[in-house]
Amino acid sequence: MLNALDGIQNQTEMQKKLGLLNRENFRKTYLQLAIELDLIALKIHDKSTSGNQQYYLTEKGKALVKLKKNQINLMCYPYPIIN
C-alpha cells in the first residue's frame with residue numbers, strides 16, 4: 001500500500017492504484033493501520049473523516065518504502081557480492 005502513495009493523495013486515488021473497490025474495507029484494513037503505525041499521515045489533521053481528506057507518507061513510511069526497494073534490488077542481483 002505504501003508504494004501506491006505517491007505524494008499527497010486521497011483515499012480513492014490510493015484504492016484505484018491498488019485495484020481495491022470496497023471503500024470501507026480499505027479504510028479499516030489498510031488505511032487505519034498505516035495511520036496508527038505512523039506510516040501515513042493526514043493532510044487535514046482535525047478532520048479525519050472529511051471527504052476532502054488527503055494522505056501522505058511520513059518519514060517513517062518513506063524509510064520503510066526505501067528499505068523494501070533496497071531488499072528487492074538485492075534479491076534481484078544475480079551474483080553474490082564478494083570482496
Selection count, region 15-26, where residues are open to solvent by 80 Å² or more (accessible area, probe 1.4 Å) and within 24 Å of residue 69 (Cβ to Cβ): 2
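If I go through region 14-71 residue by residue, how many of them are small (Gly, Ala, Ser) and under 16 Å from residue 3 (Cα atoms)? Can you show your working first?
Within region 14-71, the subset small (Gly, Ala, Ser) is 19, 34, 41, 48, 50-51, 61, 63.
Narrowing the set further to residues that are under 16 Å from residue 3 (Cα atoms) leaves 19, 34, 41, 61, 63.
Qualifying residue count for the region: 5.
Give 12, 29 a once-over and let me know the one that is loosely packed, with under 12 Cβ neighbours inside 10 Å, polar (S, T, N, Q) and more than 15 Å from residue 64 (Cβ to Cβ). Steps first, answer last, please.
Details: 29 fails: loosely packed, with under 12 Cβ neighbours inside 10 Å.
Unique residue meeting the criteria: 12.
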Subset of region 1-16 that is more than 11 Å from the chain's Cα centre (by Cα) and charged (D, E, K, R) - its residue that is farthest from residue 57 (Cα to Cα): 16
Given (1) under 11 Å from the mean Cα position of the chain (by Cα); (2) open to solvent by less than 100 Å² (accessible area, probe 1.4 Å), index of the condition residue 48 fails: (1)
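The values are calculated or read from the model by the stated rules, or taken from the named source; none is laboratory data. Predicted, not measured: the structure shown is a model, and the values here were computed from it. Don't worry about glycine lacking a Cβ; one is built from the backbone with ideal geometry, like all the others, and counts go over all protein chains shown. Accessible surface areas use protein heavy atoms only, side chains included; no ligands, DNA or RNA. Shrake-Rupley method; radii C 1.70, N 1.55, O 1.52, S 1.80 Å.
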